[in-house]
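Right, one structure below, let's go through it.
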Amino acid sequence: MFVQSAMRDLRYAMRQLRHAPGFTLAAILTLALGIASLTTVFTWIKAVMFDPYPRVTDPRSLRFVDATVHGGQGYHIRFDTYESLRDRDKSLENPALFTLVVLDLASPGAPPEALAGGLVTSNYFQLLGLQPQLGRFFTPGANERAYGQHDEVVLSDREWRLRFNADPGIVGQAITINRHPFTVIGVAPRDFAGIYGGMGELLWLPLSASRSLQAEPGADPLNSIGVMLAARLRPGVAHEAAAAELHTLARQFAAEAEARGGNMAGWDLNLRDSTHFEHGVFGVIGEQWPLLLGAAILLLVLVCINTASLLGQRAARRRREIAIRTSLGATSRRIASQLFAEALLLSLAGGVLGWAASLVLSKSLYALLPSFGLILSFNLSTDWRVLSLVAALVMLVALLCGMMPIRQALRSSQRDALYEGGHAVLGSSRNRWVKIASLGTQLGLCFVVLVGSALLLRTMVNVLNRSRGFDRENCMTALLSLSRSGYTKDKGLAFDTALLDELRSSPVVRGATLTSHLPMGDWGSGNTWDLAVPGYTPAKNESMSIVTDLEGPEFFRTMGISLVQGREFTDQDREGAPLVAVVNEDMARRYWPKGNALGSSVVLGKEKQAAQIVGIVKSYAYHNPQDTDPEPVLFLPVLQHYQADVFVAVRSRTTAEAVLPALRQAVGKLDGSLPLENAQTLRQVGEVLYQFSRIPVELLGVFSLASLLVATLGLYAVMAYAVTERSREFALRMAVGATRAQIVKLVVNGGLETVAAGLLIGGVGAFFAIRLLRSMLFGVAPFDPISFVAAALVLVLTVLVAGLAPAGRAASIQPMEALRTE
């Protein structure tokens, strides 16, 4: 009986909505917008917090360990740290090491292709609970220092299909990586791309194979390679307890290292979950999700209020119809059931359309984030959590949107409704304050989002306009990995010198240099060296690990970095020559406050080699353009301290793109099989970090526009209905002498009353919402008056635009015609 009644209500609702196509389409699209936004945000949150790694068993229970070095977070750890934790830690279970490396994979008849891979301990796949779809994984418990005994590789499903045509016979065959043969032992399950925070890996090698990847066969790679640690918490161990034990063990390890002569001041270990993983791009979404979720919820609330208001107006228009049906015997329950069926039908249609839109919108995450030249991999698939959210939203929206029209319809008196019609002069003026409060709430929600957008926009402008301290125009860069191509130190130094000579001889090249880190680049930033400064006594627990970059001849001139004193590096600063160094102004001020840095020396590393300071350069935007804290940086000549993987930077006489053929030709002439990786302009290098500043602005900007659109539609509908409802009032006013301008002013004043209510409600909401934005702001106060005034002006403009057509319609009413109409 209940099912039959419900089906009748739904059929009746479909007929009613079909008779009002404009209203139905507007309501469904508005609801779809709100549901799509929240579903998209939830899909992103799910991809980072709830199910970040496809195929991994219980991915939320994974924990990651990184280091604090010199006050900076997210540094890699070393293999000896892993060994210490493996033997002492009682909270972490089955710890495994992993890191992302770039490898050269060669195919027959083609030059090597650089791709991202994972270097992992033998228990890596066991920790993740994965099963191979082909072959096997590495043998758990294998000796990580048994170099050369396990030169094996596991392919990702993507690489297996694209490069090897899904050939099952690939297992057991040898492929060439970094000019060394590796045996394929298996293929990972479909959709698995590693656990490096959204950075996709295409194959995996054991740590014991790391020596086969390097050019110097005698060196022990595990003494220098940086890795991340992944593990699971033991049963019954809380995250906080495990983190506390980790801090205790870190202090013990640091004390032991300092007893052996190491400098571990300020060093610590941190326990992370996937949301706070410091590498990859998960951390970016993890930082943004409270803002995104709050904006999406506000938009959905705005949509619900708007739709409820539209349904309420529709119910008001049908008061006489409902009164007639009630007088003929229809019960209040029956009327309420049919009105709720309309709201439910609209919500279902909006939910289905919103879910379908979210499937497309969720993929925009890939376009939103910088890729760093690597493949991004997020688990954006729809699962029961997303579908449950959509179903819950549909029911919630149906309840919220259906309550107002049902309450309004059932409270109407039959007598009032039957006789109200043409005899009412002031129409709905008795509900004026209720409507102002409803519309004011919509505008208040808009105001909150607009203020947030204005603050973030001003932050982005401040970041973009901050002086960088180097010239990023007309400069082409690329990465050269000599280690992966088998270059020894002597061979690599000869290649570096020959390459610079080739480039400088080109007529289109103004300058060329080498560097371990490009200004405002990500790769190579933050590398530290331990040093001592003669005559400077460090404070207690002060770290003397200083950010150190290796630079080629004429680096500062090529980069457009100003020289304050002394000289920069030249071709004569090479092996065998006296060791030299250059420091930035921040370092000179910190360690030589009397201004005598030039000519002084620094003592480098465990070898305690003294390098004379021959130059001081202006401090520039080294990595993060939002960082205003003084950061000492030491620069050393790359020809005196060999770096196997370096960036080549070429300054053009015309445009950056004009020197790319010359760069390719120079590299090809010296080594035709050496890949030229990540060729991009210096401007593009810095745009990656600027893009991080743009992400919250772009996201909140989208929500602002959507909120304004919804509010404008709602305001227009309400004001248009108010004009229709008060047409007799306006006709009477005009009949007794009111001008058309006065009628327009009357309508607009009603909208401005709504704006006042919206600003009051929105101001209170913004006071609490801005607390979420404090950490994202740069160079702008949280309660910036310019942002608040701008948001208020946009709100006023929105009301004026929404009321323009209804006001014009009110002014065009013909008094006699309106008074004759029932």
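For the reader, a short list of remarks on this structure follows.
- For the chain, the fraction of C-alpha pairs farther apart than 50 angstrom is 34 percent.
- FRET efficiency for A257 and K608, using Cβ-Cβ distance with R0 set to 22 Å, rounded to 0.05: 0.80
- When only Cα pairs below 8 angstrom with a gap of at least 6 residues are kept, the chain shows a relative contact order of 17 percent.
- For the stretch 741-782, the residues whose backbone nitrogen is under 17 Å from a point 7 Å from the Cα of D629, taken along Cα to Cβ, are 775-779.
- Length gained on full extension, K594 to M7: 202.6 nm, using 0.36 nm per residue less the C-alpha separation.
- By average C-beta atoms within 10 angstrom, highest first, the peptides 265-273, 793-801, 231-239: 265-273, 793-801, 231-239
- For the chain, the longest principal axis of the alpha carbon atoms and the long axis of helix 79-88 meet at an angle near 70°.
- Values of log10 I(q)/I(0), in the order q = 0.16, 0.17 Å⁻¹, for the stretch 500-617 under a Debye, Cα-only, solvent-free model: -0.84, -0.94
- Probe 1.4 Å - accessible area at E93, Å² to nearest ten: 70 Å²
- The value for the stretch 570-723 of Rg(Cα) / (2.2 N^0.38 Å) is 1.72.
- Rounded to whole Hz, the Karplus (6.51, -1.76, 1.60) HN-Hα couplings of the stretch 156-167, x for glycine and proline: 6, 4, 4, 5, 4, 7, 6, 8, 10, 6, 6, 6
- Taking a Cβ cut-off of under 13 Å around Q691, the surrounding Lys, Arg, Asp and Glu residues balance to a net charge of -1, with basic ones at +1 and acidic ones at -1.
- Karplus-derived HN-Hα couplings along the stretch 115-124 (A = 6.51, B = -1.76, C = 1.60, θ = phi - 60°), whole Hz, x at Gly and Pro: 9, 7, x, x, 10, 9, 6, 5, 8, 4
- The value obtained for the stretch 1-154, namely the Cα convex hull volume divided by the number of residues, is 322 Å³ per residue.
- Net length available on complete extension from V101 to L162 is 19.9 nm, with 0.36 nm assigned per residue and the Cα-Cα distance removed.
- What the chain shows is 43 Å² of accessible area per residue, with the surface traced by a 1.4 Å probe over protein heavy atoms.
- In this simple spin-label model, placing a label point 7 Å from the Cα along the Cα-to-Cβ direction at both R136 and M395 gives a separation of 5.0 nm.
- Extension gain, E287 back to E575 (0.36 nm per residue minus Cα-Cα distance, nm): 99.1 nm
- Separation of the D80 and V360 label points, Cα + 7 Å toward Cβ, nm: 5.7 nm
- Span per principal axis, largest first, for the Cα atoms of the stretch 537-601 (Å): 40, 26, 20
- Efficiency of FRET from Cβ geometry, E113 and A539, R₀ 51 Å, rounded to 0.05: 0.55
- Computed [θ] at 222 nm, helices only, for the chain once each DSSP H run of length n ≥ 4 contributes -39500 (n - 2.57): -16000 deg cm²/dmol
- Amide H contacts under 5 Å for E568, placed H, 5+ residues apart: none
- For S693, solvent-accessible area (1.4 Å; no DNA, RNA or ligand), Å²: 20 Å²
- Label-reachable residues, the stretch 439-478, where backbone N falls under 11 Å from a point 7 Å from A756's Cα toward its Cβ: none
- The modelled label-to-label distance for the pair R466/N749, using points 7 Å beyond Cα in the direction of Cβ, is 5.0 nm.
- 3J(HN,Hα) from dihedral phi, the stretch 680-686, Karplus parametrisation 6.51/-1.76/1.60, rounded to Hz, x for glycine, proline: 7, 6, 5, 4, 5, 4, x
- M14 contributes about 100 Å² of solvent-accessible surface, heavy atoms of the protein only, 1.4 Å probe.
- Highest-first arrangement of 83-90, 40-47, where packing means the average Cβ count within 10 Å: 40-47, 83-90
- Cut-off under 5 Å, modelled amide H: who pairs with S600 long-range: I613
- Between the beta carbons of Q73 and A238, assuming R0 = 25 Å, the FRET efficiency works out to 0.70 to the nearest 0.05.
The values are calculated or read from the model by the stated rules, or taken from the named source; none is laboratory data. None of the values given here were measured: they were computed from a predicted structure. Here the Cβ is made from the backbone with ideal geometry for all residues, glycine too, and neighbour counts use every protein chain on show. Surface accessibility is based on the protein's heavy atoms, side chains included, excluding ligands, DNA and RNA. Shrake-Rupley method; radii C 1.70, N 1.55, O 1.52, S 1.80 Å.
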